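Q: Below is one structure. I have some questions about it.
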Amino acid sequence: MSGLRVNTLRGETSGSSPTFPDGVVVTGVTTATSFSGNVTGNVTGNVTGNITGTTGTFTGNVSVGGTLTYEDVTDIDSVGVITARSGIRIGAGQSVSAVSGIVTYYGDGSKLSGVESGVGNFVASGTIPNGQTVVIKTDGTVGIVTQTGSATPSVGSPVIFNPALTSQTKIAYDSNSNRVVIAYRDSSNNNYGTAVVGTVNASNNSISFGSEYVWRNYDSTQVQDLIFNPDDNKFLVSYSMPGGSNAGQVKVLGIDVGNNIVTSNGTGAENEFSGNGAAYNRMTYDTQNDKVIVVWRNTYSSDRGDAKVGTISGNSISWGGGSNTFASDVNDPDVIYTKDGKVVVVYKNTSNQGAAKVGTVSGTSISWGSETVFETGNTGWTQATYDSNREKVVVSYADYGNSSYGTAAVGTVSGTNITFGTPVVFDGTAGGVTNLSSTFDTNANKVVIVYQDAGSSDHGTAVIGTIDESGIISFDSGTVFESANTADTSCIFDTTSEKVIISYKDYTNSQNGTSAVFSVTSQTTNLTSENYIGIAAEAISNGATGKVNILGGVNTGQTGLTTAQTYYVQPNGTLATSAGNPSVVAGTAISDTKVLVWKS
C-alpha cells in the first residue's frame, strides 16, 4: 500500500494506544498532546512540560521562567558577556581569578568590603616598628624618619671684625654670593662709615672677614640700617648726616666676591631722601615692586613718622615725592616687607604705645591702613621680623610698663590691616632688655631675637621663638652669645650656612666690633618634602618585605590622636598637629588610633 488516509487511529481495545513496531516516518507536521521517548532530529515550536536529554543546541535565545538549576555542573565556559540581573553569589572560600592576564573591575568599589587598599609592600632598610613614619630611599627600599645631632642652640667663638672703637653695627646677608656685610661707624677712625665682608664656615660656627672699606670718609656718620637688594645685587646703607640738619641718606654698596671686600666699583653716591630731621631711619626691600622703602622719625616736623619709596638704577636711587606720613608722633620705628606688596611699620605712637600699620606700595608712593596697638603700655626698642612659614609679623620690644621685660607680639596681616595676639614675655629678668634685633631662621622656622640683657650684666643674649598653628609664640630659655657687656646688636639669617650671624660692640674688649655665629639647631633629618611615603602598617624586620600604608590608606598603629586634626611628620619621625621643617603632611586623624594617609 502506498498511502493510508484515516481520520483516527485507535488501539485494539478501548483506552489503549496503537503501536508501530517498525517506527513511523512523518514528513509533515506531527501534533500531539504529549510525547514520550527519544527524539532524533530537530524540534521546532513551543514545548511545554519537562524536557530531559543528554545534549541540546539552541541557535536562538532561551528563556526560562523559573529557576535554572545545575546540580551537576562544575564549570561554565562563556566566550561572551555574562549578565546577572539580580547578582552573582559565590560560595564561601571560592574566588574570582583570571585564567590569564588581568581581571579589570569597573565601578567605584563603594559596595566592596574586605578589600585591602592604600597598602604597598616594600623592603625595609633597617628595622621599622609598626605605626612609624616611613621615607623611600633612592634604591627603592624604605626606612624610618630619623633625626641626628643636638637640639641645643650653639654659638661659635667671637671674631673681631674691627679691632678698635666701633658703634652702630648693622648686618645684612647677600643671598646671591652667600656673604654677609657689616656696616658700622668706626669711632677710632673719625667716625667714618665703614663696612666689611664676612664668610661663614658652617662646620665649626666660625666667620672670617676681608679688609675694611670706608664708604663715607666724613666724620660722625650716623649708621642707621643696612639691607640687601637681591634684584640688583646691591647693599643699601642708610645713615644720617652730622650737624644740625640731620639729613637722611642712602648709599649703594657693591662687593667684590673674589677679594671678599666692599669695593668702590659699584658703590654709589649719596642719595638723599630727607633734607633734614631724619632720625631712626629704617629700610626694607619690596621684592614684588622692586622698591626700597625707608621710614624715619622726622625731628623737624614734630617727630612725625614719614616714609618714602625709592627706585634703584645702577648705583643711584630716585625717591618718590611726598612724605607718605604714617603717624603724627613716633619713636623707634622699624619696617619690614611681608608679601604681595605689603610692608608693616611698627613704632611707639604719641601715647607711647606700641603700634603698627600696614602699607601698600604703588608706584613711587605708599598708602597706610589704620593703626593697631599691640602694646597698651609704654614701649621701646621696637623691632620687627617676618615669619614666612606662618606668614606672621613678630614684633619684639622692651615693655617699659612691665619692668622693661623683653616682650613679643604676633601680628596677622589681612588686606590693609593687622591684628595682634596677646603679648608674650621672652625675658623677664629684672632690669629688662635693650638693643634688640630680630631675624627669621627659614631652615628651622624659628624667630631669633638678640639683645643686651640689662638684667644679666648686659650680656649678649639670643632667644628662639616658635609660632604654632594657632599663631601663638613660645620661647626657649635663651643662650648667651657674649658673656660681657654688649651693645649695638644686629642679626641676620644666612640661608647658605643656615646660621644666624650676630654683630655687636664688645664693651669689655675695648669696644671692638665683634661677630658671632649662632646655630638654632645642629640637628639634621633624612625627611624631605618629597620622600615621605606613608606609615608602617606592621613591624618589618631589616631586609624583609612588609606592608606600608600609603596614599589613601588608613594606619591603625597610633595612639592619642585628636580626631579630625591634620597631622604633620616631624623631623624626628613623630606626628604633631603643627608643621615641622620641612613641612610634610602625614594625614588626618579619623580616630584616636587611626590616621588617613595623604600628602599636600
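Q: If I filter region 168-175 for residues that are surrounded by fewer than 16 Cβ atoms within 10 Å (Cβ to Cβ), over 21 Å from ARG282 (Cα atoms) and either in contact with a Ser or Thr (Cβ under 9 Å, 6 or more places away or on another chain) or not assigned by TED's automatic domain parsing to the domain that holds ASN485 (or both), do I get at least one hit?
A: no
Q: Got a sec? Which of THR376, THR416, THR382, THR325 is buried (at least 16 other Cβ atoms within 10 Å of the Cβ), of a type outside the set (A, V, I, L, M) and touching a residue at least 12 places away in the same chain (Cβ under 8 Å)?
A: Going through THR376, THR416, THR382, THR325 in turn, the sole match is THR382.
Q: Let me ask something additional. Within region 519-535, which residues are over 19 Å from the mean Cα position of the chain (by Cα) and surrounded by 24 or more Cβ atoms within 10 Å (Cβ to Cβ)?
A: ILE535
Q: Right, here's the next one. Restricting attention to region 548-578, which residues are touching a residue at least 40 places away in the same chain (Cβ under 8 Å), touching a Phe, Trp or Tyr at 6+ places or on another chain (Cβ under 8 Å) and surrounded by fewer than 20 Cβ atoms within 10 Å (Cβ to Cβ)?
A: LEU551, GLY552, THR577, SER578
Q: With respect to GLY131, is the statement that it is surrounded by fewer than 13 Cβ atoms within 10 Å (Cβ to Cβ) and at positive phi true? Let's see the steps before the verdict.
A: On the way: surrounded by fewer than 13 Cβ atoms within 10 Å (Cβ to Cβ): no; at positive phi: yes.
Taking the combined requirement at face value, the residue does not satisfy it.
Q: In region 308-322, how many residues are at negative phi and without any contact (Cβ under 8 Å) to a residue 60 or more places away in the chain?
A: 8
Q: Let me ask another. Could you please find all residues in region 252-273 being assigned to a strand (DSSP E or B) and within 36 Å of the chain's Cα centre (by Cα)?
A: Answer for region 252-273, where residues must be assigned to a strand (DSSP E or B) and within 36 Å of the chain's Cα centre (by Cα): VAL252, LEU253, GLY254, ILE255, ASP256, ILE261, VAL262.
Q: Only one residue in ILE144, ILE160 is of a type outside the set (S, T, N, Q) and either in the same structural domain as ASN217 (by TED's automatic domain parsing) or under 28 Å from GLY465 (Cα atoms) (or both), so which one is that?
A: ILE160
Q: OK, next. How many of the residues in region 574-594 are modelled with pLDDT of 95 or more and assigned to a loop (DSSP other than H, G, I, E, B)?
A: The number of residues fulfilling the criteria is 6.
Q: Are any residues in region 551-572 more than 10 Å from ALA586 (Cα to Cα) and among the β-branched types (Val, Ile, Thr), and if so, which ones?
A: Answer for region 551-572, where residues must be more than 10 Å from ALA586 (Cα to Cα) and among the β-branched types (Val, Ile, Thr): VAL554, THR556, THR559, THR562, THR563.
Q: Also, quick follow-up: Report yes if GLY455 is surrounded by fewer than 24 Cβ atoms within 10 Å (Cβ to Cβ), at positive phi and in contact (Cβ under 8 Å) with a residue 24 or more places away in the chain, otherwise no.
A: Numbers: surrounded by fewer than 24 Cβ atoms within 10 Å (Cβ to Cβ): yes; at positive phi: no; in contact (Cβ under 8 Å) with a residue 24 or more places away in the chain: yes.
No, not satisfied.
Q: Can I ask one more? Could you look through region 586-600, keep only residues that are among the small types (Gly, Ala, Ser) and either surrounded by fewer than 16 Cβ atoms within 10 Å (Cβ to Cβ) or not assigned by TED's automatic domain parsing to the domain that holds GLY552 (or both), and pick out the one that is nearest to ASN572 (Cα to Cα)?
A: SER600
The values are calculated or read from the model by the stated rules, or taken from the named source; none is laboratory data. From a predicted model like this one, the values you see are computed outputs, not experimental measurements. Note that we place each Cβ from the backbone using ideal geometry, even for glycine, and neighbour counts take in every protein chain shown.
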